[in-house]
Amino acid sequence: MSAIDTFLYLSPMAIGVSMPILAASLGGLFSERSGVVNIGLEGQMLVGAFAASYVSVRLYPAIGAAAFWLSLPVAMAVALLFSALHAVACVSLNANHVISGTAINMLAAAFTVFFSRTVTGSGVIDVRGGIMRYTFPGLSNIPVLGKILFTDTYHTTWLILFLLLASWFMLYKTSFGLGLRSCGENPHAANAAGISVTKYRYVGVLLSGALSGLGGAVYALCFDKGFTGSIYGLGFLALASLIFGRWNPWGILGSTVFFGYASTVANVATVMPAFAKFPTVLLKVFPYVATLLVLVFFSRTSAAPKAAGEAFDKDKH
Amino acid sequence: MKRLRVPKPFIFAVAAVFSGFVAGALLMLIIGKNPIVGYAALFRGAVKNPAVSLSAVGQTLIMSAILCLSGLSLAFAGKVGLFNIGAAGQMLIGGFAASVAVYRLPTDCPKALTIAVILVVGAFGGAVWAGVAGVLKARFGINEVVATIMLNWVAFWTVDYFVRNYFPRDAYVKTTSRVLPDAMSLRLQWLEKIFDSRFVNFGLFVAVAMVVLTWFIMNKTVFGFELRAVGANRFAAEYAGIHAGTGTVCAMLIAGALAGLAGVTYYLGYVTSIQVGVLPSYGYDGIAVALVGQNSPGGVAAAALLFGVLRSGKDFMTIETGIMNELADCVIAIIIYFSAAIMLYEKLSAKLTKKRAAAPAAAETGGGKP
């Protein structure tokens with residue numbers, strides 16, 4: 001297989017796997033742009049994966065494949081409620097964002113397995129079917145692009161790409177987005193301008209819950225076919241994408257797709273002769289090392305929201 | 001009347017632990033179990049019947065020792081104003097480095113030398129891994145939280161790759177590293193006899209020694225004073241002639257070494273092989289230990305015992321009561337959550353003192369309006 005053929009062959013899988021990361025990373029973007037550091041993306045994704053799997057299994061006998069689609073908004077809602085814990089701690093109780101985020105991750109890991117074992121008897125929920133791949137008739141015949149975008153895709157990919165567009169529009173083209181970003185850059189100025197920092201930060205964190213819940217649900221239904229008690233560090237990969245993409249929606253799209261290809265190549269390398277001798281560990285650690293290198297290279301001009309991680313107290317300056 | 005002054009942070013730590021247990025009790029009620037029975041089984045499971053066998057006590061102690069070492073790692077970094085969320089990755093690297101070193105040792109190597117090699121290489125591996133984050137912070141100002149999170153996953157995949165490809169258990173099981181014989185690990189025969197359990201190992205003494213050593217370094221040496229100064233206010237420390245960057249790197253090196261020691265106690269003592277595909281949860285539980293222990297070595301040791309009990313009694317609770325053992329992990333996570341949300345207690349206590357202050361004032365004015 002030539003290089004371009006290999007690339008095209010891997011594309012459906014790489015694009016597919018990068019979408020859940022993109023969703024969670026967009027969630028992280030809303031949270032951090034509003035000024036709340038969120039390392040709990042992993043936990044929020046896990047809760048989404050659990051909720052989607054549970055709802056799918058419960059509703060499938062009654063309504064069939066519609067259960068998978070219905071489970072997505074449910075997973076978003078459950079993860080949103082779960083992220084409210086982080087919001088309350090960080091916004092209302094001035095908690096350390098990193099400690100609260102760690103608690104969110106540990107809580108998600110413990111809670112989901114606890115409930116899954118209590119209600120189903122095992123720590124695993126198997127979903128039969130899940131969301132299926134779809135090849136667009138006609139469009140898939142377009143050279144190159146047809147293979148990358150319209151062959152073996154999931155409908156959820158288009159949903160998440162739409163959310164990316166919507167997020168960009170919300171953050172950069174609306175007064176809501178300006179307000180949200182100002183809370184992450186200079187909350188005191190925002191407050192003086194009559195913006196409720198508390199309200200915007202709550203919205204930012206809750207959106208991160210909903211979006212990473214969607215990411216977890218999509219991963220569970222498309223790839224894992226259920227809940228397995230882990231989301232394999234995808235939430236931290238989303239965090240790396242957020243930093244590598246320099247806290248910008250289009251940068252995040254680029255970094256998640258980039259990381260998606262890296263992890264796909266690493267996963268198939270063992271069965272592809274072209275990569276047989278290649279040390280796959282380099283591809284696996286690539287996202288994390290690349291993120292650190294980007295931070296090193298841009299250490300003088302940090303792109304991070306200036307007030308991210310800082311508690312906001314109206315009375316203190 | 002003189003009132004007894006209890007330091008506020010201590011009260012908050014106790015309140016966080018209490019809240020965690022209350023939330024755990026609520027969870028048990030939700031699934032229709034009796035929390036008193038549940039907790040009783042949990043605590044009984046941590047000691048079982050010491051008159052017959054000390055195995056449960058030994059299990060609790062060795063789990064506490066691992067938690068203590070990873071907690072000390074976070075506490076040491078914490079004193080210098082650094083949050084070492086990478087203890088899990090440092091444990092993994094320390095355990096892996098020591099395992100590789102022991103694979104290379106001749107099988108007739110004296111036990112004392114084996115133990116020395118394990119401890120030195122393990123501590124060194126952890127220190128190097130954390131030191132990278134320290135240098136990134138000191139030299140480029142990169143947040144140590146981000147750096148250590150990324151390094152955790154680099155460790156995760158690196159160890160995964162090398163275990164699968166170079167040190168698998170056998171031709172069939174590639175997700176576990178080659179099992180070490182007891183003689184080539186931190187396990188000691190006389191400890192096994194006392195505690196009637198193979199899990200109890202030399203790490204127990206390492207943990208105790210490190211509690212004393214970190215206390216000594218932090219409180220009795222100039223070096224420790226300088227580190228604490230950097231943690232309290234790095235600009236003031238710089239002004240006083242202390243090099244904050246060097247302090248940051250040193251603190252991360254020591255924190256990493258402590259995590260590495262936790263790693264060898266776990267991977268080359270409690271178990272004798274490395275399972276890939278998971279970061280050791282002890283590394284994250286260390287956060288709870290350091291928070292509840294208020295970053296002081298004595299406090300960390302006490303908190304480690306508490307969480308050691310939670311960890312070691314949970315399986316017995318599942319067998320006795322049918323309550324899933326993840327409940328204990330829920331309690332630990334909730335304790336971390338409430339330790340972060342310290343303001344909650346601050347607000348509560350402010351409200352209480354306001355009420356208390358208001359009550360006598362009202363009494364003095366006679367309670368009536370003129």
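Things worth noting here:
- Reduced Cα scattering model of region A:3-297, Debye log10 I(q)/I(0), q = 0.08, 0.09, 0.10 Å⁻¹: -0.35, -0.44, -0.54
- 222 nm mean residue ellipticity, helices alone, for chain B (DSSP H n ≥ 4; -39,500 (n - 2.57); rounded to 500): -24500 deg cm²/dmol
- Per residue of B:151-164, other chain Cβ atoms within 10 Å of the residue Cβ number 5 on average.
- Partners for B:Lys355 among aspartates and glutamates (Cα-Cα distance below 20 Å; same-chain residues under 8 apart left out): B:Glu346, B:Glu364
- Under 5 Å, built H, 5+ apart or other chain: amide partners of A:Ile39: A:Gly101
- Computed accessible area, B:Asp196, all protein chains, 1.4 angstrom probe, square angstrom: 100 Å²
- Solvent-accessible surface (1.4 Å probe) assigned to B:His243 amounts to roughly 120 Å².
- Using a Förster distance of 35 Å, the FRET efficiency for A:Asn191-A:Phe223 (Cβ separation, nearest 0.05): 0.20
- Rounded to the nearest whole Hz, the Karplus-based 3J(HN,Hα) values (6.51 cos²θ - 1.76 cosθ + 1.60, θ = phi - 60°) of region B:228-237 follow the sequence 5, 5, 4, x, 6, 6, 5, 6, 5, 5, with x at glycine and proline.
- Calculated Rg and Dmax of region B:38-166 using C-alpha coordinates, Å: 18.2, 57
- For B:Lys314, A:Lys306, the ranking by accessible surface with the largest value first comes to A:Lys306, B:Lys314, using a 1.4 Å probe.
- Put a dot 7 Å past the Cα of B:Phe10, heading toward its Cβ, do the same for B:Asn34, and the two dots end up 3.5 nm apart.
- For the pair A:Asp313 and A:Ala62, the difference between a 0.36 nm per residue extended length and the Cα-Cα distance amounts to 85.3 nm.
- Prolate/oblate/rounded call for the protein assembly as shown, Cα gyration tensor, a/c under 1.5 rounded: rounded
- Relative to the longest principal axis of the Cα atoms of chain A, the long axis of helix A:97-120 makes an angle of roughly 50 degrees.
- Under 20 Å from B:Lys48, Cα to Cα: lysines that are on another chain or at least 8 residues apart: B:Lys193, B:Lys314
- In the structure shown, the pairs A:Lys284/A:Lys306; B:Lys220/B:Lys347; A:Lys225/A:Lys277; A:Lys173/A:Lys225; A:Lys306/B:Lys137; B:Lys79/B:Lys351 are assessed against 27 Å; a Cα-Cα span above that value is assigned to A:Lys284/A:Lys306; B:Lys220/B:Lys347; A:Lys225/A:Lys277; A:Lys173/A:Lys225; B:Lys79/B:Lys351.
- Here the simple spin-label model places points 7 Å from the Cα toward Cβ, and for A:Ala84 and A:Leu161 these points are separated by 3.5 nm.
- Region A:28-155 shape via C-alpha gyration tensor axes, a/c threshold 1.5: oblate
- Å² per residue, accessible surface of the protein assembly as shown at 1.4 Å: 43 Å²
- Judged by the gyration tensor of its Cα atoms, with axes a ≥ b ≥ c, region A:103-148 is oblate; a/c meets the 1.5 cut and b/c is at least as large as a/b.
- For B:Asn143, nonlocal amide neighbours, meaning residues 5 or more places apart or on other chains whose placed amide H falls under 5 Å from its own, do not occur.
- Estimated vicinal HN-Hα couplings, Hz - region B:193-205 in sequence order (Karplus 6.51, -1.76, 1.60; Gly, Pro = x): 5, 4, 9, 6, 7, 6, 5, 5, 9, 4, x, 3, 6
- Taking θ as phi - 60° and the Karplus parameters 6.51, -1.76 and 1.60, the scalar couplings of region A:246-251 work out to 6, 6, 9, x, 6, x Hz in sequence order, x denoting glycine and proline.
- On association of chains A and B, roughly 3700 Å² of accessible area becomes buried (total for both chains; probe 1.4 Å).
- Nearest 10 degrees, 0 to 90: helix A:41-63 Cα axis against chain A principal axis: 60 degrees
- The simple spin-label model puts a point 7 Å past each Cα toward its Cβ; for A:Ser175 and A:Thr301 those points are separated by 3.2 nm.
- For A:Val127, residues with placed amide H under 5 Å, excluding near neighbours: A:Gly226, A:Phe227
The values are calculated or read from the model by the stated rules, or taken from the named source; none is laboratory data. All of these numbers come straight from a predicted model, not from anything done at the bench. Positions of Cβ are generated from backbone atoms using ideal geometry, with glycine treated the same way; all protein chains shown enter the neighbour counts. Note: areas computed on protein heavy atoms with side chains; ligands, DNA, RNA excluded. Shrake-Rupley method; radii C 1.70, N 1.55, O 1.52, S 1.80 Å.
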